[in-house]
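The values are calculated or read from the model by the stated rules, or taken from the named source; none is laboratory data. Keep in mind the model is a prediction, meaning the values are calculated, not measured. Methodologically, a virtual Cβ is constructed for each residue, glycine included, from the backbone with ideal geometry; neighbour enumeration extends over all protein chains shown. These area figures cover heavy atoms from the full protein model, side chains too; ligands, DNA and RNA do not enter into them. Shrake-Rupley method; radii C 1.70, N 1.55, O 1.52, S 1.80 Å.
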Amino acid sequence: MISKKFLPVIGLEIHIELTTRRKMFCGCPADHFGQKPNTQTCPVCLGLPGALPVPNQEALKRTILLALALKCQINHQTWFDRKNYFYPDLPKGYQISQFFRPLGIGGQINLDNNRLIKIKEIHLEEDTAKSIMVDKKRRLDFNKSGVPLIEIVSEPNLTSAQEAKHYAQKVHHLVKTLGISSADMEKGQMRLEANISLKKLPTDPLPKYKVEIKNINSFRYLHDAIVFEINRQSRLLSAGKKIIQETRGYTPGKKATYSQRSKEEAYEYRYFPEPDIPPLNLEQLFNLQELQKSLPQLPEQIINELITKYQLSQYQADIITRKYPIIGEKTLKIALKEKITIVDVANAIINQNYNLKKIGAQKFIEKIKLAAKKELTGGQELKTVVNQVIIENPRAVKDYRAGKRAALSFLIGQIQQKTNGRADIKQAQKLLTDALK
Amino acid sequence: MIKLNEKGHSLIEWRKKLIAGQASSREICQFYLNQIQKKNNQLNIYLVTNRQILKEAARADQIINHDKKAFKKQPLLGLPLAVKDNFCTTNLPTTAASFILENYQPPYQSTATQRLTNAGAIILGKTNMDAWAHGSSTETSDFGPTKNPHHLEYAPGGSSGGSTAAVAADLAPAAIGSETAGSIRQPAAWCGVIGLKPTYGRISRWGVIAMASSLDCPGPITKTVADAALLYNCLAGPDYHDATTIQNQPQKLPSKKTIPNRPLIIGLPKEYFNQSQQDVNQKVIAVANQLKKLGHKIKEISLLDPTLSIAVYTILQRAEVSSNLARYDGIRFGRDRSHFGLEALRRIMLGTFVLSAGYFDQYYLKAQKARTKIVKDFQKVFTNIDLILSPTSLTAALKLGAWNDNVMFGETQDVLVEPSALAGLPAINLPCGFNKQKLPIGLQIIGPQQQEKKIIELAYQIETLTDEKN
């Protein structure tokens with residue numbers, strides 16, 4: 001159990017690979033998933049002597065779109081910086097990133113509980129190569145090296161594992177809606193890092209330490225890792241122990257975090273402005289007003305619309321917009337036209353009664369109607385209706401008995417009218433002919 | 001037929017012979033191969049020569065024989081050139097004169113060498129330099145120093161010392177070098193040849209092994225002003241591979257003698273002359289006096305003390321060097337970092353220090369602010385004058401070994417070229433006589449950004465003066 005004695009202080013860093021055609025600073029294809037290792041490289045992304053980076057305008061544009069959607073302030077004068085450190089997957093010995101003047105600062109995201117989560121900054125950088133251990137030897141695949149990577153850094157505003165998960169889902173949803181990345185977590189296109197520490201009182205300043213959990217690739221793992229970490233830190237603090245500042249990894253099998261490296265020796269990235277790329281003037285490169293106007297309807301707006309138009313709950317609206325963008329709304333629209341109870345349709349979508357994405361909105365509605373019908377295949381209700389129709393239409397009964405086939409159709413029509421079309425025609429016909437024998 | 005003892009010519013002179021049918025490209029290349037065979041052991045100028053050169057020359061000859069107008073399309077057709085060994089070449093290894101990259105064969109070509117070969121040039125070979133271009137004497141080369149062709153006990157200057165010595169010793173009619181702060185102009189001065197450092201961003205850095213990225217400038221090293229103009233015209237212009245290249249098209253430089261069409265105001269910065277030696281100053285002032293007679297206005301001007309630039313340049317250059325050399329980890333190519341030479345290690349250490357937390361503001365940031373002041377100082381001065389004239393180097397060539405006596409040898413030696421390098425300004429070194437030891441002395445003309453044409457026109461005029469005197 002999470003101790004009531006402490007208040008979690010959580011910040012998230014979210015990395016998203018942009019699914020642009022080209023890499024961030026060269027012409028190599030950015031889509032690296034499943035490609036033969038080291039087949040999508042060039043002097044730039046291999047860091048060969050004399051190679052120079054040229055920024056990808058499309059990646060810049062997509063970052064601006066996300067920054068605008070997150071209500072960030074855009075730094076019109078922005079530039080790239082070098083983050084210097086050594087690692088085998090970093091071919092140049094530095095990563096081209098943004099430090100002094102990130103592209104966007106001071107944004108926000110609204111959670112369903114109406115908590116406003118502040119975003120510190122959003123910046124653009126390049127991904128590193130992929131490092132794999134094969135037979136205890138490190139192998140490097142540079143296809144991933146130089147893929148455009150956005151980093152979204154939240155303020156330490158989040159107060160629970162649930163909230164952190166929810167925030168990450170919101171960001172994911174926004175990115176998908178904007179279409180700037182496929183953000184497929186299984187492909188590593190979206191990666192989560194959580195910074196967690198505990199304090200006692202809401203008025204306490206930020207704790208002097210933080211524990212960073214790196215490379216989490218699912219929302220559930222994020223949640224579970226944070227829960228574990230809060231418990232671990234609570235136990236330590238309750239026992240009067242000090243928590244060391246460190247980086248930890250997460251093992252989903254054990255639902256536990258483990259120490260990776262201590263941060264006692266502070267990082268020293270020796271940031272300085274990237275001299276190979278001149279400072280960028282975003283107002284000169286892009287029409288920012290046009291970009292603002294080009295933003296699609298954002299998740300928050302769609303959710304609000306669903307709630308007011310269809311009287312859905314926040315929960316229903318959230319899931320439908322997130323998991324069934326566009327098609328969910330279309331289904332609800334047809335339901336409204338066909339006068340089917342909207343809440344039932346919404347629940348049918350959420351409970352996945354049928355595979356909406358596969359069969360489409362029209363068929364989905366038909367299936368729901370059919371299901372409703374099936375309740376009247378025989379059974380007492382249908383029998384009662386049949387008997388009622390016989391009593392109310394003596395003339396048609398007489399005609400039928402005289403051998404007029406058309407009279408049967410008329411009687412079935414009457415049944416359908418009384419059941420609002422929910423009766424199974426075959427069953428109704430059988431009951432009718434049996435009763436008139 | 002060329003006589004083997006004939007002296008080398010400039011590119012344009014060779015081209016005249018090619019057009020007139022007085023020489024073939026094969027003969028010209030053979031002439032230089034013989035020169036190299038005779039002198040390279042002694043001078044240590046070429047690290048590697050091109051074994052395919054005669055085949056390439058024969059191909060050029062074929063084109064020339066078929067099409068006399070071929071030079072219109074390819075102005076350097078069949079003409080051999082020397083290339084500093086920090087330009088990546090796909091047909092020759094590229095080492096930056098370092099053990100780390102010994103035998104390193106780049107898989108791609110620098111824009112500069114690509115443009116030269118597109119223009120028909122044939123690469124004779126790759127020339128020695130200070131390792132990673134760290135130095136001003138070519139003595140930090142991991143493959144031994146180059147010697148000054150004017151006197152074998154003297155250094156050729158650096159870091160492009162191999163290229164300037166090649167031109168001075170007739171081991172190439174012309175060459176390309178690169179300058180971060182002085183690495184074209186200073187060895188050109190010490191070897192008595194012409195070295196043009198264009199405006200920063202005018203010639204692409206793509207494929208040039210980086211020293212300090214915010215300063216590096218490739219440029220031509222030649223026997224004549226016309227050759228410098230010819231090579232510049234082939235090299236200059238925007239390159240989509242290099243985001244720092246100037247986006248507009250460069251003004252073509254006149255490749256025939258063209259002197260200024262009006263009297264110029266030429267500034268002599270007193271702070272520069274205060275630094276340099278008397279014998280150097282006398283030669284430069286003699287040229288100034290002649291220019292005055294020709295109608296130009298000579299004016300004493302004041303610039304920021306150039307010694308301030310030593311600190312600014314050192315900090316910024318070391319910072320960038322420490323980052324630029326980080327990729328030499330031996331994982332993907334070359335040897336590991338245990339093979340770095342002493343000078344590279346010193347620079348990495350100092351650069352790492354000035355970028356470290358707690359020192360960044362104190363050193364790097366302050367140096368950037370000072371750099372802006374230097375830029376503005378030149379801008380202010382150029383509102384009143386056309387061009388600056390000053391010595392290129394404090395002295396004529398120094399003896400080999402002088403480098404060992406001073407950890408900051410290059411930076412103090414290059415004090416007169418550092419401010420203009422920091423400001424990204426174009427400049428040229430021209431020979432202007434000899435000292436008592438018969439060592440060449442060089443002057444430099446510095447101009448405002450993108451004013452290469454103005455510089456070249458005055459250079460043509462000075463070239464005529466010095467030719468007449470000789």
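Scan region B:322-363 residue by residue and report those that are within 20 Å of B:Leu101 (Cβ to Cβ), part of a helix (DSSP H, G or I) and either hydroxyl-bearing (Ser, Thr, Tyr) or away from every other protein chain (no Cβ under 11 Å) (or both). Of everything in region B:322-363, those that are within 20 Å of B:Leu101 (Cβ to Cβ), part of a helix (DSSP H, G or I) and either hydroxyl-bearing (Ser, Thr, Tyr) or away from every other protein chain (no Cβ under 11 Å) (or both) turn out to be B:Ser322, B:Ser323, B:Ser338, B:His339, B:Leu342, B:Glu343, B:Ala344, B:Leu345, B:Arg346, B:Arg347.
This table checks each residue for (1) open to solvent by 60 Å² or more (accessible area, probe 1.4 Å); (2) touching a helix residue (DSSP H, G or I) at 6+ places or on another chain (Cβ under 6 Å); (3) closer than 14 Å to B:Leu394 by Cβ; (4) at pLDDT below 95.
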| site | (1), (2), (3), (4) |
| --- | --- |
| B:Lys270 | yes, no, no, no |
| B:Asn281 | no, yes, yes, no |
| B:Lys293 | yes, no, no, no |
| B:Glu300 | yes, yes, no, no |
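The set of residues from region A:306-346 being hydroxyl-bearing (Ser, Thr, Tyr) and either within 23 Å of the chain's Cα centre (by Cα) or under 14 Å from A:Asp112 (Cα atoms) (or both) comprises A:Thr308, A:Tyr310, A:Ser313, A:Tyr315, A:Thr321, A:Tyr324, A:Thr331.
At pLDDT 95 or above and either in contact with a Cys (Cβ under 6 Å, 6 or more places away or on another chain) or within 14 Å of another protein chain (Cβ to nearest Cβ) (or both): is that true of B:Cys217 in this structure? For B:Cys217, the condition - at pLDDT 95 or above and either in contact with a Cys (Cβ under 6 Å, 6 or more places away or on another chain) or within 14 Å of another protein chain (Cβ to nearest Cβ) (or both) - is met.
Kindly indicate whether A:Lys92 is more than 14 Å from every other protein chain (Cβ to nearest Cβ) and either in a loop (DSSP other than H, G, I, E, B) or modelled with pLDDT under 95 (or both).
On the way: more than 14 Å from every other protein chain (Cβ to nearest Cβ): no; either in a loop (DSSP other than H, G, I, E, B) or modelled with pLDDT under 95 (or both): yes.
Spelling it out, it is not the case that A:Lys92 is more than 14 Å from every other protein chain (Cβ to nearest Cβ) and either in a loop (DSSP other than H, G, I, E, B) or modelled with pLDDT under 95 (or both).
Residue-by-condition table, conditions (1) of a type in the set (Ser, Thr, Tyr); (2) within 14 Å of chain A (Cβ to nearest Cβ); (3) within 13 Å of B:Asn44 (Cα to Cα); (4) in contact (Cβ under 8 Å) with a residue 60 or more places away in the chain:
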position	(1), (2), (3), (4)
B:Pro145	no, no, yes, yes
B:Thr164	yes, no, yes, no
B:Leu171	no, no, yes, yes
B:Gly182	no, no, no, yes
B:Lys197	no, no, no, yes
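Residues in region B:63-86 that are open to solvent by 20 Å² or more (accessible area, probe 1.4 Å), in a loop (DSSP other than H, G, I, E, B) and not charged (D, E, K, R): B:Gln74, B:Pro75.
Report those helices (runs of 4 or more DSSP H) wholly inside region B:96-209 carrying at least 3 residues which are more than 21 Å from B:Glu343 (Cα to Cα) and more than 12 Å from the chain's Cα centre (by Cα).
Ranges flagged: B:111-118.
Answer yes or no as to whether B:Ala155 is within 14 Å of another protein chain (Cβ to nearest Cβ), closer than 25 Å to B:Asn429 by Cα, crowded, with 24+ Cβ neighbours inside 10 Å and modelled with pLDDT of 95 or more.
no
If you filter region B:241-282 down to residues that are within 14 Å of chain A (Cβ to nearest Cβ) and in contact with a Ser or Thr (Cβ under 9 Å, 6 or more places away or on another chain), you find that the one that is farthest from B:Tyr460 (Cα to Cα) is B:His241. Just name the residue that is farthest from A:Gln388 (Cα to Cα) out of those in region A:413-422 that are at pLDDT 75 or above and open to solvent by 80 Å² or more (accessible area, probe 1.4 Å). Across region A:413-422, the extreme among qualifying residues is A:Gln417. Exactly one residue among A:Ile350, A:Ile359, A:Ile425 is surrounded by 12 or more Cβ atoms within 10 Å (Cβ to Cβ), at pLDDT below 85 and in the same structural domain as A:Arg322 (by TED's automatic domain parsing), and that residue is A:Ile350.
Looking at B:Ala175, is it in contact (Cβ under 8 Å) with a residue 60 or more places away in the chain, of a type in the set (Gly, Ala, Ser) and within 14 Å of chain A (Cβ to nearest Cβ)?
Against the criterion (in contact (Cβ under 8 Å) with a residue 60 or more places away in the chain, of a type in the set (Gly, Ala, Ser) and within 14 Å of chain A (Cβ to nearest Cβ)), B:Ala175 does not qualify.
Of the residues making up region A:82-113, those that are among the polar types (S, T, N, Q), surrounded by fewer than 18 Cβ atoms within 10 Å (Cβ to Cβ) and more than 16 Å from A:Val153 (Cβ to Cβ) are A:Asn110, A:Asn113. With respect to the conditions (1) at the interface with chain B (Cβ under 10 Å from one of its Cβ atoms); (2) open to solvent by 40 Å² or more (accessible area, probe 1.4 Å); (3) in contact with a Pro (Cβ under 8 Å, 6 or more places away or on another chain), A:Trp79 falls short on a single one, namely (1).
Elements of the type helices (runs of 4 or more DSSP H) sitting completely within region A:271-323 and holding at least 1 residues that are open to solvent by less than 30 Å² (accessible area, probe 1.4 Å) and β-branched (Val, Ile, Thr): these cover A:299-310, A:314-323. Of all the residues in region A:25-61, those that are over 25 Å from A:Asn281 (Cα atoms) and not in a loop (DSSP other than H, G, I, E, B) number 3. Within region A:251-260, restricting attention to residues that are closer than 22 Å to A:Pro207 by Cα and surrounded by 12 or more Cβ atoms within 10 Å (Cβ to Cβ), the residue that is nearest to the other protein chains (Cβ to nearest Cβ) is A:Gln260.
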